[in-house]
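S.K.: Would you mind keeping the following structure in view while I ask a few things?
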Amino acid sequence: MINMVIDGRQVQAQTGWTVLETARQNGIHIPTLCHHEAVEPSGACRLCVVEIGDETWSKIVISCMYPVAEGLNVKTDSPRVKNVRRWILEMLLAQCPASPEIRALAAEYGVQTTRFVNHDPNEQCILCGLCVRVCKEVVGVSAISTIGRGVHKKIGSPYGVVSDACVACGSCVTVCPTGAMSARLDAIRGVHAGREAGKGGK
Ligand code: SF4
Ligand code: FES
């Protein structure tokens, strides 16, 4: 077992655990968006930041990918952590101002507006890629992926055509932290229903 401290509490972790896993095992809350136990972490959203170190030296790391170590001292809610989270939430708010989940999370940290440029006021997706990873790693079909580049980057199927690989299982909707996937799956299901009806008529 590894002995470490989180928010002043002595806790134990197993070798190979991350700081986030250890915090959760001990009932300590760290906010996350792109993390899900069923898939490998990707470090996409950065919301799970924590501070490690002591009074003389510290740094900010993402807890969902940072491995535990003997004697590690972690702060999950220090002024520095809160400040970094506010910056991240401002960026997320600029990326997807139409997501009620992101707006509510930002408000929790006192973030009501953003200084960053928004390219689509109707956007709800933070491009965390969780839906893509679940589709690939859990469902095993890779029906969706990240398409486009820069400000045109989005989640979809190649060329915007629904993939035959999609089984309309809804796993992407279930894991999506912002509600962005709901409307997209409705469209996918509609296409599937149409295809099945078409087959029946042949
Ligand atoms: S649709 Fe949801 S899960 Fe997929 S990338 Fe966007 S926010 Fe993340
Ligand atoms: S939950 Fe750790 S980076 Fe998103």
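S.K.: Can you list the aspartates and glutamates whose alpha carbon is less than 13 Å from that of LYS82, not counting same-chain residues fewer than 8 positions off?
M.R.: GLU51, GLU90, GLU108
S.K.: How big is the equivalent ellipsoid of the chain along its three axes, where each semi-axis is √(5λ) from the Cα gyration tensor, reported in whole Å from largest to smallest?
M.R.: Over the Cα atoms of the chain, the ellipsoid semi-axes are 37, 21, 12 Å.
S.K.: Find how much the distance from TRP87 to ASN118 grows on full extension, using 0.36 nm per residue of separation minus their present alpha carbon separation; answer in nm with one decimal.
M.R.: 9.7 nm
S.K.: Hey, can you rank 2-8, 16-22 by average C-beta count inside 10 Å, highest first?
M.R.: Listed from highest to lowest mean packing, they are 16-22, 2-8.
S.K.: Can I ask one more? Given +1 on the Cβ of Lys and Arg, -1 on the Cβ of Asp and Glu, and no further charges, what dipole in debye does the chain carry about its Cα centre, rounded to the nearest 20?
M.R.: Result for the chain is approximately 620 debye, rounded to the nearest 20.
S.K.: Rounded, prolate or oblate, given the Cα gyration tensor of the stretch 125-168, with a/c below 1.5 counting as rounded?
M.R.: Judged from the Cα gyration tensor, the stretch 125-168 comes out oblate (a/c at least 1.5, b/c at or above a/b).
Throughout, read-outs are computed from the coordinates displayed, never taken from laboratory work. Everything numeric in this text was worked out from a predicted model, so none of it was measured. Every residue, glycine as well, gets a Cβ built from its backbone with ideal geometry; the counts of neighbours run over all protein chains shown.
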